[in-house]
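Below is one structure; the comments refer to it alone.
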Amino acid sequence: PRAPPPAAAALPPLVAPSQTVYVQNVNERTRVDELKKVLYDAFSAHGAVVEIHAKKTLKLRGQAWVVFSDVESAAKAVRAMNGVRVLDKPLRVTFSVNKSDVVAKADGTYQQRPRKKAQPKRARNADGTLKSAAAVAADAA
């Protein structure tokens, strides 16, 4: 028989400790307001929670960021909450790669991120189908 894998808490962190904790494998079917409340209840046992960032967009669903008031509380939460089942799913908890905007504003290092340019809307025919590139070029001429 194989030896069991080492405990997740015993593994070294891949990212330097910070006040912001990155939470993966969050239940995607829960409403955002309910999810934030559940995460607050679960993580506030390990320290003062400043902010919880969770969205339902396609790119951000299933993950959240929890910001603590100090690094020690965040480290305690990473050790304690990794693998804990919340809303019927085991969480994967690590330190965040990026500093939270709340933390950056508090320590004076905040810089506004540039916004991505919106993609132009594609031209459509009268029946609603997309126009070909040749038709768009002909219309412009």
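Things worth noting here:
Listed here are the residues, each with its yes/no results for (1) crowded, with 18+ Cβ neighbours inside 10 Å; (2) touching a Gly at 6+ places or on another chain (Cβ under 6 Å); (3) among the basic types (K, R).
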| site | (1), (2), (3) |
| --- | --- |
| K37 | no, no, yes |
| E51 | no, no, no |
| A54 | yes, no, no |
| A75 | yes, no, no |
| V78 | yes, no, no |
| M81 | yes, no, no |
| R85 | no, no, yes |
| G108 | no, no, no |
| L130 | no, no, no |
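- Residue list for the stretch 56-73, filter: closer than 12 Å to Q24 by Cβ and open to solvent by 20 Å² or more (accessible area, probe 1.4 Å): L60, R61, Q63, W65
- For the stretch 10-35, the candidate set comprises residues that are open to solvent by 60 Å² or more (accessible area, probe 1.4 Å) and part of a helix (DSSP H, G or I); within that set, the residue that is modelled with the lowest pLDDT is A10.
- The stretch 45-141 holds helices (runs of 4 or more DSSP H) entirely within its bounds, and those carrying 1 or more residues that are modelled with pLDDT of 85 or more and under 30 Å from V15 (Cα atoms) map to 71-81, 101-107.
The values are calculated or read from the model by the stated rules, or taken from the named source; none is laboratory data. Since the structure is predicted, the reported quantities are computational estimates derived from the model, not experimental observations. As a convention, Cβ positions derive from the backbone with ideal geometry for all residues, glycine included, and neighbour counts pool all protein chains shown. In case anyone asks, the SASA skips ligands and DNA or RNA and just uses the protein heavy atoms, side chains included. Shrake-Rupley method; radii C 1.70, N 1.55, O 1.52, S 1.80 Å.
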